[in-house]
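Report on one structure; see the data block that follows.
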Amino acid sequence: MATKRDYYEVLGVNRDASEEDIKKAYRRLAMKHHPDRNPDSKDAEEKFKEAKEAYEVLSEAEKRRAYDAYGHAGVNPQMGGMGGEAGFGGFAEAFGDIFGDIFGGARTRSNVYRGADLRYNLEVTLEQAARGTETKIRIPAMEACEACHGSGAKPGTQPKTCSTCGGQGTVRLSQGFFSIQQTCPTCHGSGRMVSDPCRSCGGAGRVKRHKTLAVKIPAGIDEGDRIRLSGEGEAGVNGGPPGDLYVVIHLREHAVFQRDGNDLHCQMPVSFTTAALGGEIEIPTLEGQAKVKIPAETQTGQLLRLRGKGIKGVRASQPGDLLCEIVVETPVKLTERQKELLRELEEINRTDGDRHNPRAKTFMDKVRDFFAG
């Protein structure tokens, strides 16, 4: 049986995302993966259903609260319903199996489960990604209740072993030759009963709090890279270890450069006189301005490569290059004298146009061959 992905991860939003952010994320995914736009893609259909399911839960305040507290178990009636003690055991089953299998966690003893892993989307500038930096993030997470120390019972009292399952969290039903093991309907998988619940957490043993964490961004980090903060995920269940926090890096759009791996790309406008006669221009780099010679007769689209002026990736031994695309700019707002000189140049070019404009000649030859054929 396939495990469900975290709903926040499905929509690509943080756990403290607003209702509007959730709606926008769902609309974007729905448009991208809608079956009508991808009639032959089974993968798109599954992603559309997954996004729809995530939105239906996170867009409703009550369901979202239950999901934040107990995960998928909190919104699945078959795993114990929503809120209070009802979803406690279901939450443990869901996240203990899912994250234990995927991320290597394991149950330390019966009914003890590892906390859920969390995802945080962090946007950084290109300069911060290239040089590295340190920043602080504030995240919401389920933490062990301080009042009851995670037991769920009112301070001064202790949970009792469930009389139905004997503390196992599961019961076995036999019918004829068949025997089925299922979650205990009395304790919902926790193996314990809380007769006098803690007022701070309502018996859940965990509360939702915001915490501020320092994140070190290594130099050279790229779009989609993840930084793992061990033990900074949600608190475990029944004394289980906490999950991890994964900070996913997203690069903010830059005004000048586009990153491609360890290389940087940019466009550089050049006057047509400089392009024709050659000259020297200044090109921006992450380290400041660099002077570059423009060869005579340079055309739009030609690339100038500056070795080592890109970004040194996290695992790279050498920095990438800066590739600058030349864009020959047509002058605007000409004076009468400038227009006069350009007309004179045009007249001169007409006497030997094929030699001065070889690309135009080649194109016209192709046009004539097309119509002749």
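The values are calculated or read from the model by the stated rules, or taken from the named source; none is laboratory data. These numbers were taken from a predicted model, which means no experiment stands behind them. Every residue, glycine as well, gets a Cβ built from its backbone with ideal geometry; the counts of neighbours run over all protein chains shown. Remember, those area values only see protein heavy atoms, side chains included, never the ligands or the DNA or RNA. Shrake-Rupley method; radii C 1.70, N 1.55, O 1.52, S 1.80 Å.
Computed from label points 7 Å out along Cα-Cβ, the spacing between Q182 and K293 is 8.3 nm. Database remark: amide H of D6 closer than 5 angstrom to no amide H (H placed geometrically; neighbours at sequence offset of 5 or more, or on other chains; Pro and chain starts carry no H).
Straight-line cross-link partners of K208 among the lysines, defined as a Cα under 20 Å from its Cα and at least 8 positions apart when in the same chain: K63, K136, K154. In this structure, R27 and E60 have a Cβ-Cβ separation that, at R0 = 22 Å, corresponds to a calculated FRET efficiency of about 0.85.
Packing-based ranking of 181-190, 337-346, 30-39 yields 181-190, 30-39, 337-346, ordered from highest to lowest mean Cβ neighbour count within 10 Å. Expressed as a whole percent, the accessible area of the range 120-160 that falls on carbon and sulfur atoms is 44 (1.4 Å probe). For K333, a cut-off of 18 angstrom between C-alpha atoms picks up no lysines at all, skipping any fewer than 8 places away in its own chain. Which FRET efficiency value, to the nearest 0.05, is calculated for K160 and K4 with the Förster distance at 35 angstrom and r the Cβ-Cβ distance? Calculated transfer efficiency: 0.65. Heavy-atom accessible surface of the range 136-273, averaged per residue, reaches 55 Å², computed with a 1.4 Å probe. Working from Cα pairs under 8 Å separated by at least six residues, relative contact order for the range 176-288 is 14 percent. Taking a straight Cα-Cα cut-off under 16 Å and skipping sequence neighbours fewer than 8 places away in the same chain, the aspartates and glutamates within cross-link reach of K291 are E280, E282, D321, E325. Using θ = phi - 60° in the Karplus curve 6.51 cos²θ - 1.76 cosθ + 1.60, the 3J(HN,Hα) couplings for the range 321-327 round to 10, 10, 10, 10, 8, 7, 10 Hz; x is entered for Gly and Pro. Label-to-label distance, T362 versus Q338, with points set 7 angstrom from Cα along the beta-carbon direction: 3.0 nm. Ranked by the mean number of other Cβ atoms within 10 Å of their residues, highest first, the peptides 322-331, 136-145 fall in the order 136-145, 322-331.
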